[in-house]
Structure formats: C-alpha cells, structure tokens
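Chemist: If you scroll down you'll find the structure; I have some questions about it.
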C-alpha cells in the first residue's frame, strides 16, 4: 500500500468510531451497521496494515499499542473532517474539540469563569481545551493560522478578518503593606519611591499601568519584575515593594492596603474569533454566551448529572 487511494477510508472510519466508543455494540448502534459487519471491516483493516489493532477478550475490545497510535492519528483526521463538513455544508456537525487561547494576565479569574461556562454550551458537540497565550500578538497569530478556535485578550485585534466582543471588565488597584501605607502622607510618594513590582509576563496590563502612572506624573525610582506573582505578593506583604492586583470586593487581601489615585484603572477583556468561522458551532455557542454577559449562571451550572447525561454514561455504571 503506497498511496492514499489504496486504503478503504470507511474501514478507517469504522475503526475510529469503535475505538472512540470502546465498544463494538455502541459503535454499531451509532453507525447503523451490524456488529458482525464492523468486526469484518476491522479484520480487513488489520490485514491491510499487517498489524493487530484490538485485543479481543472477555472484557471486550482493547486497543493494542499500534491501535492506540492509529487512533490518535485517525482522531485528528476525522475531527478535521467534521470541521470541513460543517464549514461547507452549513449544518451543525460538531464532533470535534475546541481550542481556546487565553492571554496570560491578572484577569485569569474572569477568563477562566467565562471558559468554564462555555464548556456547558459546547460540551454536546465536543470538549473544550484551553491554551496559554503569552501575549496578544501570539494569540492573534494562532487564531489566523487555525491553531486555536477563539481567544480571550486584553486588547482589541487589528485587521478586518477578526471579530471581537467585550466579555467583561475589571479594576486594577495598587497594593502595599498597611504599615508601609501609614508611613506616607501621599500615596503617590509610595508609588514613586518604593520599588514597583510587576509580573514579567503581563505585558498589556503593565503598559496600562505605566500609562496611568505617567498621566499622574509618577515615575517609580525602581522597578522589579518576576515570573512569579506569589513572590511579588510576599515581598509586598513585608513592605518591600508596591504592586497591583485585580480588585475583588470579596477579598480581604490579607493585611495588604489597596488604594487608587484619583480614578480607578479599568480594563476590558475581549473574546476574539475569525469572521470566516462565524457559521461554525464553536463560534455560534461563543456568541450565545457573550450575549448573556455572564449575568445569568447556566441553569445546570452545578448539576453533576449534566455531564453524565452528555457523556452517555450507562446506568449500569452508576450507584
């Protein structure tokens, strides 16, 4: 077998569905093909490849090491096939996972909550994977190259090929130890004279904060950077630096004093996607969630039975 035309793609697809269902009976029901026919097709595929793909015993079907490797390759083929079918047919097909790029930033809580609620809308069609994006430009590049389906960023994208909507906003406040705050007459002098700490990876927020300080005529004498926010927070608690955090009215900040200048620092989070993908189910469900603006918690948000139903878990496995 030297060319793609030499393989029976139905045999490979049957293998994929059997391996995905981990059951000949379930695959038979889904495909509308008898178990005997599926078994025969798998035998032909094994003969074609000259490799054993399943171990058949009293437990049922188990993938061999070659079977696992083939399933991993076949999964990519048929998930992409579902995307192609959905894109060109205009029908809701699903059956493929979604990759969500989330820009690395202080606003993780809001981003993760949004992505978590998106799971409940999309899980009928596939799983949701999140991928860390070190900065806005990386996220946009991955969107354009199809490495992610949509993303969350602090910046609006440029260019006509991308669409975006605000999914939420948050305030940023300055923090220092309470004892250090009480030493100064004016909070501006804290920001100008005590080492100002920033995470080295949150470039967009750092830029927003720097612009805010400049607008108030404040230039920190010294800045420190770290990849580890907990390190910065530890120094801040000991009065060694001043830092900034997203404001959370429910957080007591554990001995830290939070403060602002004459106006709070507000920034927005944006969901970004390709306009050409707006007919695809991942973006249709994304836009549904955006319209809710996180004001309504999904009806079954904390219902464990929801995932059991979606996963079609047999009653025989449940207590």
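Chemist: Among the residues of the range 192-217, which ones are touching a residue at least 24 places away in the same chain (Cβ under 8 Å), assigned to a helix (DSSP H, G or I) and under 21 Å from residue 170 (Cα atoms)?
Modeler: Passing the criteria: 203, 204, 205, 208, 209, 212.
Chemist: Further question on the same structure: Kindly establish whether residue 61 is more than 28 Å from residue 281 (Cα to Cα) and touching a residue at least 24 places away in the same chain (Cβ under 8 Å).
Modeler: Yes, satisfied.
Chemist: Looking at (1) closer than 18 Å to residue 292 by Cα; (2) in contact with a strand residue (DSSP E or B) (Cβ under 8 Å, 6 or more places away or on another chain); (3) surrounded by 14 or more Cβ atoms within 10 Å (Cβ to Cβ), which is the one condition that is false for residue 136?
Modeler: That leaves (1) as the condition not met.
Chemist: May I pose another question? Being out of contact with any strand residue (DSSP E or B) (no Cβ under 9 Å at 6 or more places or on another chain), within 26 Å of residue 156 (Cα to Cα) and part of a loop (DSSP other than H, G, I, E, B) is the requirement here; does residue 263 meet it?
Modeler: yes
Chemist: Okay, moving on. Would you mind stating whether residue 254 is exposed (fewer than 14 other Cβ atoms within 10 Å of the Cβ), assigned by TED's automatic domain parsing to the domain that holds residue 111, part of a helix (DSSP H, G or I) and out of contact with any helix residue (DSSP H, G or I) (no Cβ under 6 Å at 6 or more places or on another chain)?
Modeler: no
Chemist: Contact list please: Cβ distance under 7 Å, first residue in the range 7-23 and modelled with pLDDT of 90 or more, second residue crowded, with 16+ Cβ neighbours inside 10 Å and in a loop (DSSP other than H, G, I, E, B), pairs at least six apart or on different chains.
Modeler: 15/53
Chemist: In the same structural domain as residue 123 (by TED's automatic domain parsing) and either farther than 30 Å from residue 118 by Cα or touching a strand residue (DSSP E or B) at 6+ places or on another chain (Cβ under 6 Å) (or both): does that describe residue 103?
Modeler: Yes, satisfied.
Chemist: Taking the conditions exactly as written (part of a helix (DSSP H, G or I) and touching a helix residue (DSSP H, G or I) at 6+ places or on another chain (Cβ under 8 Å)), does residue 245 satisfy them or not? I'd like the intermediate steps shown before the answer.
Modeler: Working: part of a helix (DSSP H, G or I): no; touching a helix residue (DSSP H, G or I) at 6+ places or on another chain (Cβ under 8 Å): yes.
In short, no.
Chemist: Test of understanding: among 91, 57, which residue is under 29 Å from the mean Cα position of the chain (by Cα), modelled with pLDDT under 90 and exposed (fewer than 12 other Cβ atoms within 10 Å of the Cβ)?
Modeler: Details: 57 fails: under 29 Å from the mean Cα position of the chain (by Cα).
Result of the check over 91, 57: 91.
The values are calculated or read from the model by the stated rules, or taken from the named source; none is laboratory data. Remember, it's a predicted structure, so these values are computed and weren't measured experimentally. Cβ: placed from backbone, ideal geometry, glycine included. Neighbour counts: every protein chain shown.
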